[in-house]
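Participant: Below you will find the structure I want to go over with you.
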Amino acid sequence: MYYSPRYIDEAHRLTIFHEEHILRSSRCTCFYCGYQFDPQREQDLVWWDEESPKGRTLTCPKCGIDCILGDASGYPITDKRFIRLATEMWFSGYSRISDGLEPDKIKQTCIEVS
Ligand SMILES: [Zn+2]
């Protein structure tokens, strides 16, 4: 299967304001860290763009980046080749997937403000 840059670019647009398709998905992939999860079962989902009339944006339960696609989007979100091409294009080669790292919970650091 060949994925054109245009195809991958169009998929990128569905990583924001995508509440409608995320809620119909049973599988989601984070294109930054590679974490895959079931949005119906995952606890503590964090949504951005609460006020957007276009729909909210889901962030990754692991890394917190807003780069999630669900299987209801119609894109091959579990195809390793697609995932790699998309992460390279969207993050210019700077992602946990590009670095070959496993998904990991980002440490919450407490910044003291005096
Ligand atoms: Zn992630």
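A short reminder: the numbers here are calculations on the coordinates, not readings from a lab. This is a predicted model, so every value here is computed, not measured. All Cβ positions, glycine included, derive from the backbone under ideal geometry; neighbour counts span all protein chains shown.
Participant: Along the charge dipole of the chain, Cβ charges K/R +1 and D/E -1, which of GLN36, PHE82, MET1 sits furthest on the positive end?
Facilitator: MET1
Participant: Can you spot the aspartates and glutamates whose alpha carbon is less than 13 Å from LYS80's alpha carbon? Ignore those fewer than 8 places along the same chain.
Facilitator: Partners within reach: GLU88.
Participant: Also, I was wondering about something else. What value, in deg cm²/dmol to 500, does the helix sum -39500 (n - 2.57) over DSSP H runs of n ≥ 4 give at 222 nm once divided by the residues of the chain?
Facilitator: Calculated at 222 nm, the ellipticity per residue is -6500 deg cm²/dmol.
Participant: Using the 10 angstrom Cβ neighbour count as an exposure proxy, how do TYR2, TYR35 rank, fewest first?
Facilitator: By the 10 Å Cβ count, ascending: TYR2, TYR35.
Participant: Moving on to the next point. Sort the following peptides by mean Cβ neighbour count (other Cβ atoms within 10 Å, averaged over residues), highest first: 74-86, 56-68.
Facilitator: 56-68, 74-86
Participant: Follow-up. Could you tell me what a quarter of the Cα convex hull surface of the chain works out to, in nm² with one decimal place? Each step should come with its number before you reach the end.
Facilitator: Numbers: hull surface 33.7 nm².
The Cα convex hull of the chain, projected and averaged over all directions, gives 8.4 nm².
Participant: Have a look at GLU19, GLU51, GLU102 and tell me which one the Gaussian network model of the chain (Cα, springs below 10 Å) gives the largest fluctuation.
Facilitator: GLU51
Participant: Relative contact order, percent, of region 5-91 when contacts are C-alpha pairs under 8 Å separated by at least 6 residues?
Facilitator: Relative contact order comes out at 35 percent.
Participant: Mind giving me the nanometre distance, one decimal, between the label points for THR78 and LEU101, set 7 Å out from Cα along Cα→Cβ?
Facilitator: Computed distance between label sites THR78 and LEU101 equals 2.6 nm.
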